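Single-structure report; data block below.
The values are calculated or read from the model by the stated rules, or taken from the named source; none is laboratory data. Just so it is clear, the model here is predicted, and its values are computed rather than measured. Counting neighbours? That spans all protein chains shown, and the Cβs are built from the backbone with ideal geometry, glycine included.
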Amino acid sequence: MPTNQQIQLDNRPVGEAVASNFKLVTTETPALQDGQVLVRHHFLSLDPYMRGRMNDSKSYAVPQALGQTMGGGTVGEVMESKNDKYDVGDKVVGMGGWQQYSVVDATVLGALRKVDTTHVPLSAYLGAVGMPGVTAWYGLVKIIEPKAGETMVVSAATGAVGSAFAALSKARGCRTVGIAGGPDKCKYAVEELGFDACIDYKLHKDANSLSAALKDACPNGVDGYFENVGGMVLDAVLSRMNAFGRIAVCGMIAGYNGAPLPLTYPALILMNRLKVQGFIVSEHMEVWPEALKELGTMVATGKLRARESIAQGLEAAPEAFLGLLKGKNFGKQLVKLV
Ligand SMILES: NC(=O)c1ccc[n+]([C@@H]2O[C@H](COP(=O)([O-])OP(=O)(O)OC[C@H]3O[C@@H](n4cnc5c(N)ncnc54)[C@H](OP(=O)(O)O)[C@@H]3O)[C@@H](O)[C@H]2O)c1
């Protein structure tokens, strides 16, 4: 069995996460038991939710245990199998974690899923045709429930979730406006992702200024908002919501280091009779097949060409992850492991 490199959570962050919270270790891979498969990971997914799991606090998921391999989505190839349903060479997606190899009990429902790389690249199963894509789909289709001609806004617009949101929203005939950090991301949002407009929030020092820019980009107001960031961005979009608008609260990355994100005018929710609903995509497994089908077709036909930021090698994972929390990624953040 191969030697395995892993990244473990060594200690918990106080405020901002730092590289010394992580530790690289080398271990031996155990021999396979009946029902298990050995997977060699080709790509590791880095996702904002991992920051929350580094804290030992009450949340929707249990905290990442200290001294254990960091959890995370992976795609890879079956190298050895003691399970009838998996053959050597099968491409699979699972939750292999921050390591080169994983031994997976493939008899556990949902532990591993075979994927077809004929028309969809393997890495896309961690992004547009994976958890982030389904996240965009759920928030748009099930919470916002868009109608053709309405105006949709999404923050962190060029990221893994935001880029899928753009394609799904445009396919439903909506004016689709992004909010992203910096001129390069905004140019890419309009020219490559199909956004009708994109606002660089870094040009705005406060919510009033950002709200004025939103007024120009959304002349008919905002009917649906997909929230990824929180803080000033949420305040600004809230001020432009139409009556009976819907807000899917997906993430609040601006506060993941523990900074409070107060809402300045919550009364706008009442005045505009808004629906505001948070969600966790893994609690809605029933929609994944339908969502993945639409997203897979979009990627295979070139209607969704999501960008990827790829860090090289497992040892690069901590810095890439810390960068993701500061917007240094441009598109889906992955780590290439082979
Ligand atoms: N509810 C769920 O089930 C679920 C599932 C998946 C993801 N999410 C959430 O969805 C959001 C997007 O996830 P993703 O995987 O697509 O990540 P991503 O957008 O690929 O990367 C994160 C982006 O967030 C932006 N950002 C970082 N710090 C920020 C700050 N302080 N203020 C404003 N923007 C900041 C950066 O974009 P800019 O450079 O444009 O600022 C950064 O590139 C996250 O909040 C995540 O937690 C939720």
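With respect to residue 212, determine if the residue is farther than 25 Å from residue 296 by Cα, away from the ligand (no atom under 11 Å from the Cβ), in contact with a His (Cβ under 9 Å, 6 or more places away or on another chain) and modelled with pLDDT of 95 or more.
It is true that residue 212 is farther than 25 Å from residue 296 by Cα, away from the ligand (no atom under 11 Å from the Cβ), in contact with a His (Cβ under 9 Å, 6 or more places away or on another chain) and modelled with pLDDT of 95 or more.
Restricted to the stretch 161-183, and to residues that are in contact with a strand residue (DSSP E or B) (Cβ under 7 Å, 6 or more places away or on another chain) and in a helix (DSSP H, G or I), which residue is farthest from residue 138 (Cα to Cα)?
Checked the stretch 161-183; the qualifying residue farthest from residue 138 (Cα to Cα) is 183.
For residue 83, which of the numbered conditions (1) in contact with a helix residue (DSSP H, G or I) (Cβ under 8 Å, 6 or more places away or on another chain); (2) touching a residue at least 40 places away in the same chain (Cβ under 8 Å) fails to hold?
(1)
Residues checked against (1) away from the ligand (no atom under 16 Å from the Cβ); (2) in a helix (DSSP H, G or I); (3) of a type in the set (Lys, Arg):
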residue	(1), (2), (3)
185	no, yes, yes
188	no, yes, no
226	no, no, no
247	no, no, no
259	no, no, no
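List pairs: first residue in the stretch 219-246 and under 12 Å from residue 275 (Cβ atoms), second residue assigned to a helix (DSSP H, G or I) and within 16 Å of the ligand (Cβ to nearest atom) anywhere in the structure, Cβ distance under 7 angstrom, at least six positions apart or on different chains.
If the second residue must be assigned to a helix (DSSP H, G or I) and within 16 Å of the ligand (Cβ to nearest atom), the pairs left are 224/144; 225/237; 246/143; 246/144.
Could you check, for the stretch 111-123, whether at least one of its residues is within 15 Å of the ligand (Cβ to nearest atom) and touching a strand residue (DSSP E or B) at 6+ places or on another chain (Cβ under 8 Å)?
Checking the stretch 111-123: at least one residue is within 15 Å of the ligand (Cβ to nearest atom) and touching a strand residue (DSSP E or B) at 6+ places or on another chain (Cβ under 8 Å).
Check residue 297 against each of (1) of a type in the set (Ser, Thr, Tyr); (2) buried (at least 17 other Cβ atoms within 10 Å of the Cβ); (3) more than 18 Å from the chain's Cα centre (by Cα) and name the one condition it does not meet.
Residue 297 satisfies every listed condition except (2).
Within the stretch 231-244, track down each residue that is of a type outside the set (Asp, Glu), more than 8 Å from the ligand (Cβ to nearest atom) and in contact with a helix residue (DSSP H, G or I) (Cβ under 9 Å, 6 or more places away or on another chain).
Scanning the stretch 231-244 gives 232, 234, 236, 237, 238, 239, 240, 241, 243.
Inside the stretch 309-338, can you point out the residues that are among the aliphatic types (A, V, I, L, M), away from the ligand (no atom under 16 Å from the Cβ) and surrounded by fewer than 19 Cβ atoms within 10 Å (Cβ to Cβ)?
316, 338
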